[in-house]
Structure formats: structure tokens, C-alpha cells
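The values are calculated or read from the model by the stated rules, or taken from the named source; none is laboratory data. Keep in mind that what you see is a predicted model, and the values were worked out from it rather than measured. Note that each Cβ is placed from the backbone with ideal geometry, even for glycine, and that neighbours are counted across all protein chains shown.
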Amino acid sequence: MSRENEKKTIAQVVSGAVCGTIMILCALVYVILGITLNFWHPGWIIMFAGGLTCGIVGIITNTIADLKQIKKEENKENK
């Protein structure tokens with residue numbers, strides 16, 4: 001099965017958009033600080049922090065989506 005045929009959840013779309021934005025901003029800040037302040041060596045921590053932030057965003061969005069799904073299923077069972 002190819003990836004094009006897989007349906008994405010809203011949580012995956014939101015998580016992807018937010019993580020993409022975070023990583024682009026981290027890369028821009030890293031390059032700007034590296035060029036202007038010669039902050040290349042310690043600046044790699046910016047990219048590390050961006051990756052950790054993306055992980056946190058993914059966990060939060062997936063947890064919220066799972067909780068909404070559980071609540072939706074419970075509501076169907078109670079009817």
C-alpha cells in the first residue's frame with residue numbers, strides 16, 4: 001500500500017504543520033546566529049531543541065486526538 005492511499009488524521013496534519021514550522025524557524029535562527037555572531041558550534045543546540053519540541057507537539061496532538069476518539073466512542077455506546 002502506498003502512502004498516497006493512506007488517510008491522515010487531523011492530529012497528523014496539525015502535528016506535521018506545526019513541526020515543519022518549528023524546524024524551519026530553528027534552521028533560520030541557527031543560520032542567522034551562525035552568520036552574524038559566529039554561533040555555529042554551540043548553536044546546534046537550537047536544532048536539538050527544535051526536534052525535542054516537535055516530539056512534544058506530536059505527543060500532545062496524538063493524545064488529544066485519542067482522547068476525543070475515546071469520548072466519541074463512549075458517547076456512541078451510551079446512546
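Filter region 1-46 down to residues that are at pLDDT below 90 and either over 14 Å from ALA65 (Cβ atoms) or of a type in the set (Asp, Glu) (or both) and give me whichever is surrounded by the most Cβ atoms within 10 Å (Cβ to Cβ).
Checking each candidate, the answer is GLU6.
Please tell me if ILE59 is in contact with a Leu (Cβ under 8 Å, 6 or more places away or on another chain) and not polar (S, T, N, Q). If you could, list the steps in order and put the result at the bottom.
Values: in contact with a Leu (Cβ under 8 Å, 6 or more places away or on another chain): no; not polar (S, T, N, Q): yes.
No: the conditions fail for ILE59.
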